[in-house]
Amino acid sequence: MKKTIAVLGLGRFGLGLVEELNKLNVDIIAIDINGASVQKAGEFVENAFICDSTNEDALREIGIENVDHAVVAFGSNFQASLITVITLKEMGVEKITVRIDDEKYASVMQRIGATDIIIPQKIAGIQLANKLVSDSFTNYFNLSEEYVVVQLSVNMTIKPVKLKALNARNVFGINLLLIKRENKHFSPTGDDSILPGDEIFVLGTKKNIHKFDQHINERE
């Protein structure tokens, strides 16, 4: 059975989320008080509504109380986010993710019922910092304070190396999850090799991945 996800607030972040969710196997309800934003969301989803998310009666008319997950995506409008979260919680929505732009509001949102907090600027800052440290980091996903998944670009000048010989888990304390080669992805085995130009997805601590990156991309 498909999940139903509501996105309340259709600014740049909310619209981007709606567009990405539309590529997945979920039903989407997109909501904003601004008609122009709703019209843009309507290019991706059928259920896009002009609605005041702080108005419980209006939300009930749309059927928000039945969604599996609601994302409150206003960001800078803290008052609207606050009232919306309280309203959703009182309506019985169990999973509520809130986008905030200031970390000092995170504890407040959690106390009133938010189950997850998203701070886009913080995430972007962490990703940028790690990309700046290594030119080969093309994507960066935080899993916890310590563990990350990093997409690494392999230099065109390296010599191929078999994963069995590399022994990355024991030597570097990392797991090689995926290799992207010529627009195809595959989960590697010990008999596979890392080749020049590969994109590899690695799981581990930040420190260990940096060591692995230096080792791989200094091979010539």
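Mind ordering 61-69, 104-112 by average Cβ neighbours within 10 Å, highest first?
Working: 61-69: 16.4, 104-112: 13.9.
So the order, starting with the most tightly packed, is 61-69, 104-112.
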Legend entry - Out-of-range pairs (alpha-carbon distance over 21 Å; input Lys23/Lys104; Lys159/Lys180; Lys3/Lys89; Lys2/Lys23): Lys23/Lys104
Legend entry - the chain: proportion of alpha-carbon pairs further apart than 20 angstrom, %: 65 percent
Legend entry - Computed helical MRE - 222 nm, the chain, DSSP H runs ≥ 4 contributing -39500 (n - 2.57), nearest 500: -10000 deg cm²/dmol
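Under 1.5 on a/c is rounded, so check that first for the stretch 62-126, then, if it is not, pick prolate when a/b is larger than b/c and oblate when it is not; a ≥ b ≥ c are the square roots of the alpha carbon gyration tensor eigenvalues. Let's see the in-between values first.
Details: a/c = 2.07, a/b = 1.78, b/c = 1.16.
Judged from the Cα gyration tensor, the stretch 62-126 comes out prolate (a/c at least 1.5, a/b above b/c).
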Inset, instruction - Amide H neighbours of Ile117 under 5 Å, at least 5 residues apart or on other chains, H built in the peptide plane: list them. - result: Val98
Legend entry - Accessible-area order (highest first, 1.4 angstrom probe) of the listed residues Arg99, Arg169, Arg60: Arg169, Arg60, Arg99
Inset, instruction - Using amide H atoms built 1.01 Å from N in the peptide plane, name the residues 5+ places from Asp198, or on other chains, whose amide H lies under 5 Å from its own. - result: Val154
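Can you tell me the length gained on complete extension of the stretch Ile86 to Glu146, counting 0.36 nm per residue apart and subtracting the Cα distance?
Values: separation 60, 0.36 × 60 = 21.60 nm, distance 3.24 nm.
Difference between extended and current length: 18.4 nm.
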Inset, instruction - Compute the acute angle (0 to 90°) between the alpha-carbon long axis of helix 206-217 and the principal axis of greatest extent of the alpha-carbon atoms of the chain; round to the nearest 10°. - result: 50 degrees
Legend entry - Table column - 3J(HN,Hα) (Hz), the stretch 99-104, Karplus curve with 6.51, -1.76, 1.60, x for Gly and Pro: 8, 10, 9, 10, 4, 5
Legend entry - Ranked by how many other beta carbons lie within 10 Å on average, peptides 201-214, 23-36 from highest: 201-214, 23-36
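Computed over the Cα atoms, what is the radius of gyration of the stretch 33-101 divided by 2.2 N^0.38 Å, N being its residue count?
1.07
Rank Thr189, Thr84, Thr54 by accessible area, highest first, at a 1.4 Å probe radius? Before the final figure, lay out each step's value.
On the way: Thr189 75, Thr84 0, Thr54 50 Å².
From most accessible down to least: Thr189, Thr54, Thr84.
The values are calculated or read from the model by the stated rules, or taken from the named source; none is laboratory data. Since this is a predicted model, take the numbers as computed values, not measurements. Neighbour counts are summed over all protein chains in view; Cβ atoms, including those assigned to glycine, are modelled from backbone coordinates with ideal geometry. In case anyone asks, the SASA skips ligands and DNA or RNA and just uses the protein heavy atoms, side chains included. Shrake-Rupley method; radii C 1.70, N 1.55, O 1.52, S 1.80 Å.
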